[in-house]
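Let me begin by presenting the structure, written as structure tokens, before commenting on it.
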Amino acid sequence: MRKKLEAKLERQRSEMEYKLASDRERTEEGLNEIRMIQRRIEQELPDVQAKADVVKRGLEGDLSITERQYSKLKALDKEQLPLKDVVAIKVFEATSKYMKDAGRAERELKVTKEELLVAKEKLDETKSELNRLKCKYDTAAEDCAKKIADYSARDKCLQTEVSELKVQFREAKEKVKKCEEVNTEYKDASMKLKLMQEQLLEKESANSRPVSYTHLTLPTICSV
């Protein structure tokens with residue numbers, strides 16, 4: 001049993017050593033390949049740097065072009081154009097849509113600002129009109145309050161006058177009643193006087209003697 005276990009462990013050790021050796025060889029091969037690529041890059045780096053400098057010098061300056069310049073450059077053969085013009089074409093194609101949108105947005109913004117200015121002016125005018133109307137309303141309210149106070153005072157005065165007139169009317173009514181009573185008494189006295197005059201005339205006619213009553217007063221006559 002022990003021998004079998006030792007044999008098994010030995011096989012596993014051999015397999016692990018073989019695997020480690022294989023991995024070591026592959027790692028060494030990978031490192032060699034990386035070293036080769038690094039040497040190649042170091043050899044090509046000056047050329048790439050030089051080309052980058054050429055591209056950099058070619059791209060120096062302003063790359064923005066107008067639509068007219070774009071049309072002219074687009075009509076030419078791309079292979080014959082310098083790098084700067086090619087890049088300018090690409091930049092124009094990439095940014096033209098956004099530039100148009102930006103221009104439209106700028107115009108819309110300008111119109112909006114103008115509309116806002118007009119709206120602000122109207123708002124200011126409305127505020128001024130509201131302030132004017134408020135002052136007018138306040139003045140009218142004060143006048144109404146004064147008139148209401150005057151009308152209240154006048155109403156009190158009129159009520160007092162009406163009360164006084166009612167009293168005067170009652171007094172006048174009583175006076176009229178008294179006058180009617182006096183008038184009735186006067187009529188009765190007049191009738192009595194007339195009757196007495198008739199009686200006196202009859203007596204005068206009977207006595208055939210002229211009698212003058214002009215010196216007699218009404219109480220004297222009534223007492224006869």
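Taking the 1.4 Å solvent-accessible surface of the chain as the whole, the part contributed by carbon and sulfur is 58%. In straight-distance terms, cross-link reach from Lys8 covers every one of the lysines whose alpha-carbon lies under 28 Å from its own, apart from those fewer than eight places away in the same chain; here that gives Lys19.
Quick check for me: using +1 on Lys/Arg Cβ and -1 on Asp/Glu Cβ, what's the dipole size of the chain about its Cα centre, in debye to the nearest 20?
So the dipole magnitude of the chain works out to roughly 700 debye.
Centre-to-centre, using Cα atoms only, the stretch 175-201 and the stretch 66-130 are separated by 121 Å.
Out of all Cα-Cα pairs in the chain, roughly what percent, to the nearest whole number, are more than 24 Å apart?
Result: 83 percent of Cα pairs exceed 24 Å.
The shape of the stretch 43-174 comes out prolate: with a ≥ b ≥ c from the C-alpha gyration tensor, a/c is at least 1.5 and a/b beats b/c.
Pairs exceeding 27 Å between alpha-carbon atoms, taken from Lys147/Lys173; Lys134/Lys156; Lys78/Lys100: Lys147/Lys173; Lys134/Lys156. Per residue, the accessible area of the chain comes to 92 Å², computed with a 1.4 Å probe over protein heavy atoms only.
The values are calculated or read from the model by the stated rules, or taken from the named source; none is laboratory data. It should be emphasised that the depicted structure is a prediction, and the values quoted were computed from it without experimental measurement. Please note: Cβ atoms are built from the backbone with ideal geometry, for glycine as well, and neighbour counts cover all protein chains shown. The accessibility values were calculated without ligands, DNA or RNA, using every heavy atom of the protein model including side chains. Shrake-Rupley method; radii C 1.70, N 1.55, O 1.52, S 1.80 Å.
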